[in-house]
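**Student:** Take this structure, written in structure tokens, and hold onto it; I'll ask about it next.
The values are calculated or read from the model by the stated rules, or taken from the named source; none is laboratory data. None of the values given here were measured: they were computed from a predicted structure. With ideal geometry, Cβ positions are generated from the backbone for all residues, glycine too; neighbour counts draw on all protein chains shown. For accessibility, only protein heavy atoms count, side chains too; no ligands or nucleic acids. Shrake-Rupley method; radii C 1.70, N 1.55, O 1.52, S 1.80 Å.
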Amino acid sequence: MRSATQLLLYGNAADQEVRTLAGLAEAAGRAKERGEVHPGPEEGRMREDYYRCLHTLIETAENLGFEGNLWHCYLTWRIVYDENAYSRACEIRGSVEGSVGRSALHDMEIFMDLFAADFEGAENWLGIGDALFETLTDYEPAKSDKRIFNRRIRDRICDLAEKLGNARDAAAFKEQVDRFYGDFGAGVLGLHKAFRVEHAEGSDVRIVPITNIAHVKLDDLVGYERAKQMLVENTEAFVSGRPANNCLLYGDAGTGKSSSIKGILNQYYDRGLRMIEIYRHQFRDLNAVISQIKNRNYRFIIYMDDLSFEDFETEYKYLKAVIEGGLEKKPDNILIYATSNRRHLIRENYSDKGEGASHGDMHASDTVQEKLSLAARFGVSIYFGSPDKKEFGHIVEVLARRSGIEMDPQQLLLAADQWELYHGGRSGRTAQQFIDHLTGTQEE
């Protein structure tokens, strides 16, 4: 059995638990060949290491929902999340040949040995008589599916672990890994849809996954067919590798701008679309974020929700240079999508429209151009307006039908009109809140 320390590309995948468990299995095998019954004075420490590693396997299984052979699931999890020269080359495109492919095959041979590690022999050598590892080869998690945020990812990893466990040789093992990379991608960016940015003081900028995402579809948004079509056309061009524009969704509150963005992500995730949410105070991190994703084989939308600025706020000037205007060309695999209640994003005053001189601004027209220049960098602007009474009634009826609410149509619309008078006016959000209220009170 070859050691995990001999991995060429996947060295980071072999964490402390993998190295410790593999090392104990190797040591037990060598001791058996020498006829040694027990490890001697190191037995106590080795036994503690073994228990600690099994504890990590169980905790990981409960956090991620693994079931079946935990050792195989754990190794598979480490493989598919590892970002190295080979996995990055394979993401979305599948198998890669050449020197890096041969190095990957070498590593797959080692992983096959790890999959077949004899832990029963290790437990006998360490004097552990409980057959603990046998329990972990047919593991049933305590958590129900309802409590697992990433069932989709869990199922993919468990399915791949079973296939890798049944692989006849290293080439077949590698073929299954390659197929996974081609279908779902590699590492955190491959397996997850959406991300946020973290930048603690004194540390580097990190892109971390958002694990609990609303599974919104564009069809869930009632109405706004023209607006959705424009959004789909621009995104379709982007994921297809054709020229596309930064996109601004603007208009009244509660009209589905943010929901449309979520729907786009869910619709195009399988075609390599990923989304990174960034807030206004993180604009200084934009260059660092772009540098981490510009050479990946995915398409990234940097998403800015509720984007707007007051007169005295100057962050928009930095954003302008990042979007378009700096010396470095914006990577082809990155677009910026933003939502806002303001068409021009920056607060405007009457003094900007020609009366600027009387207020101390000698070049009022320049001020106007400065404030409009940020919005102009979004090549596609899509308007989401509040529905009129008829459209609002249609939204309510469709949502009521989807929720299984059986109510006289006239009474339903009358109640909806009364609700919107006291809850922010007509909008898709108000309609959904009204339906949620009806559903909750009916169930009660």
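**Student:** So how many residues does the stretch 395-429 have that are outside any loop (DSSP other than H, G, I, E, B), surrounded by 12 or more Cβ atoms within 10 Å (Cβ to Cβ) and among the polar types (S, T, N, Q)?
**Tutor:** 0
**Student:** Further question: Mind listing just one residue for me: the one in the stretch 26-41 that is among the acidic types (Asp, Glu) and under 24 Å from Gln6 (Cα atoms) and, of those, modelled with the highest pLDDT?
**Tutor:** Glu26
**Student:** Report, by residue number, each residue of the stretch 264-277 that is more than 13 Å from the chain's Cα centre (by Cα) and crowded, with 18+ Cβ neighbours inside 10 Å.
**Tutor:** Ile264, Gln267
**Student:** If I ask for residues that are open to solvent by less than 60 Å² (accessible area, probe 1.4 Å), part of a loop (DSSP other than H, G, I, E, B) and touching a strand residue (DSSP E or B) at 6+ places or on another chain (Cβ under 9 Å), which ones from the stretch 45-84 would you list?
**Tutor:** Once the filter is applied, which keeps residues that are open to solvent by less than 60 Å² (accessible area, probe 1.4 Å), part of a loop (DSSP other than H, G, I, E, B) and touching a strand residue (DSSP E or B) at 6+ places or on another chain (Cβ under 9 Å), the stretch 45-84 yields Phe66, Asn69.
**Student:** Further question on the same structure: Within the stretch 203-225, take every residue that is under 23 Å from Ile153 (Cα atoms), of a type in the set (A, V, I, L, M, F, W, C) and crowded, with 16+ Cβ neighbours inside 10 Å and give me the one that is farthest from the chain's Cα centre (by Cα).
**Tutor:** The selected residue is Leu218.
**Student:** Kindly evaluate Gln432 against the criterion of being open to solvent by 80 Å² or more (accessible area, probe 1.4 Å) and part of a helix (DSSP H, G or I).
**Tutor:** Details: open to solvent by 80 Å² or more (accessible area, probe 1.4 Å): no; part of a helix (DSSP H, G or I): yes.
Criteria not met by Gln432.
**Student:** Just to be sure I understand the filter: pairs with C-beta atoms under 8 Å, separated by 6 or more residues or on different chains, first member in the stretch 53-65 and touching a residue at least 60 places away in the same chain (Cβ under 8 Å), second member open to solvent by 60 Å² or more (accessible area, probe 1.4 Å). Which pairs pass?
**Tutor:** From the stretch 53-65, the pairs are Ala61/Glu67; Glu62/Ala142; Gly65/Asp145; Gly65/Arg151.
**Student:** Does Arg284 qualify as being outside any helix (DSSP H, G or I), out of contact with any Gly (no Cβ under 7 Å at 6 or more places or on another chain) and not small (Gly, Ala, Ser)?
**Tutor:** no
**Student:** For Phe378, state whether it is hydrophobic (A, V, I, L, M, F, W, C), buried (at least 18 other Cβ atoms within 10 Å of the Cβ) and either modelled with pLDDT under 80 or over 32 Å from the mean Cα position of the chain (by Cα) (or both).
**Tutor:** So Phe378 does not fit the description; no.
For every residue, the table says whether it meets (1) in contact with a Leu (Cβ under 9 Å, 6 or more places away or on another chain); (2) closer than 19 Å to Phe378 by Cα; (3) modelled with pLDDT under 90.
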{"position": "Phe283", "(1), (2), (3)": "yes, yes, yes"}
{"position": "Asn287", "(1), (2), (3)": "no, yes, yes"}
{"position": "Arg299", "(1), (2), (3)": "yes, yes, no"}
{"position": "Ile302", "(1), (2), (3)": "yes, yes, no"}
{"position": "Leu307", "(1), (2), (3)": "yes, yes, yes"}
{"position": "Glu313", "(1), (2), (3)": "no, no, yes"}
{"position": "Lys320", "(1), (2), (3)": "yes, yes, yes"}
{"position": "Tyr337", "(1), (2), (3)": "yes, yes, no"}
{"position": "His344", "(1), (2), (3)": "yes, yes, yes"}
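**Student:** Answer with yes or no whether Met112 is under 20 Å from Glu162 (Cα atoms), open to solvent by 10 Å² or more (accessible area, probe 1.4 Å) and aliphatic (A, V, I, L, M).
**Tutor:** yes
**Student:** Output yes when any residue across the stretch 9-18 is among the β-branched types (Val, Ile, Thr) and either surrounded by fewer than 19 Cβ atoms within 10 Å (Cβ to Cβ) or free of Cβ contacts under 8 Å to residues at least 40 places away in the same chain (or both), and no when none is.
**Tutor:** no
**Student:** Restricting attention to the stretch 85-105, which residues are open to solvent by less than 10 Å² (accessible area, probe 1.4 Å) and closer than 26 Å to Ala117 by Cα?
**Tutor:** Hits for the stretch 85-105 are Tyr86, Ser87, Gly101, Ala104.
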